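Heads up, the thing below is written out as structure tokens.
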Amino acid sequence: MDPEIPVISLIEMGIIRDVTVAAEQVSVTMTPTFSGCPALLEMESLIIEAVQTLGVEQVVVNKQLNPPWTSDWITETGRAKLKAFGLAPPGMHGGNVTMTFFDLVECPRCDSKNTKLQNSFGTTLCRAIWVCNDCLEPFEQFKPL
Ligand SMILES: [Zn+2]
């Protein structure tokens, strides 16, 4: 599971890029959401732990920084889980991130598009704080990256 958003898995986040099984060893290739992500070491040990519980002793985690992670890699299931968690999922941008910053974000609680950006940084660097003008609830958005 993602250490920062425990309702979504690293696979649903699009962070796990590849898994190979060779003889007694499993290699997992991951692309962190951004290279300075403070949860990086934690993610690495969570991956090793998860594979070891399957009975594999040797687990190697490779980090692949190119191409960089994009929020477009978050799966459909992952987006639905973010929303159910109260975190507005990032819009799909197909590489053109600047456009999505000006899009209105849908309130994850009442689906209203009558929302206002309150702060471009939330509890983590990859989140922004919005307020819904209809249900008056503040909510966080997972930024399109
Ligand atoms: Zn609302």
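Read the figures in this text as sums done on the coordinates, not as results from a lab. Just so you know, these numbers come straight off a predicted model, no measurement behind them. We place every Cβ from the backbone using ideal geometry, glycine too, and count neighbours over all the protein chains shown.
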Using only Cα atoms, find the angle between the long axis of helix 40-52 and the longest principal axis of the chain, and express it within 0 to 90 degrees, rounded to the nearest 10. 50
P(r) of region 75-142 over all Cα-Cα pairs, binned every 10 Å from zero, in whole percent: 23, 56, 21, 0
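So what is the relative contact order of region 75-142, in percent, for Cα pairs below 8 Å that sit 6 or more residues apart? Show your work: numbers first, answer last.
Numbers: 106 pairs, mean separation 18.3, N = 68.
Contact order relative to length: 27 percent.
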Ranking request for peptides 121-127, 27-33: highest mean number of other beta-carbon atoms within 10 Å first, then the rest in descending order. 27-33, 121-127
Separation between Cα centres of region 34-77 and region 99-145, rounded to whole Å: 27
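Report, in debye and to the nearest 20, how large the dipole of region 14-145 comes out about its Cα centre when Lys and Arg carry +1 and Asp and Glu carry -1 on their Cβ. Numbers along the way, then the final one.
Values: 10 positive and 14 negative charges, 80 e Å.
I would put it at about 380 debye.
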Suppose only helical runs count, i.e. DSSP H with n ≥ 4. What mean residue ellipticity at 222 nm does that imply for the chain under -39500 (n - 2.57) per run, divided by all residues and rounded to the nearest 500 deg cm²/dmol? -5000 deg cm²/dmol
Once the other residues with Cβ under 14 Å from the Cβ of residue 69 are scored (Lys, Arg +1; Asp, Glu -1), what is the net sum? -2
Reach of residue 116 by Cα under 16 Å, taken over aspartates and glutamates that are not fewer than 8 positions away in the same chain: 103, 106, 134, 137, 140
Once fully extended, how much extra length lies between residue 45 and residue 80, figured as 0.36 nm per residue of separation less the alpha-carbon to alpha-carbon distance? 10.0 nm
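Taking 2.2 N^0.38 Å as the expected size of a compact globular protein, what ratio does the Cα radius of gyration of the chain give against it, to two decimals? Display every interim value, and only then the final one.
Values: Rg = 16.8 Å, N = 145, 2.2 N^0.38 = 14.6 Å.
For the chain, the normalised Cα radius of gyration comes out at 1.15.
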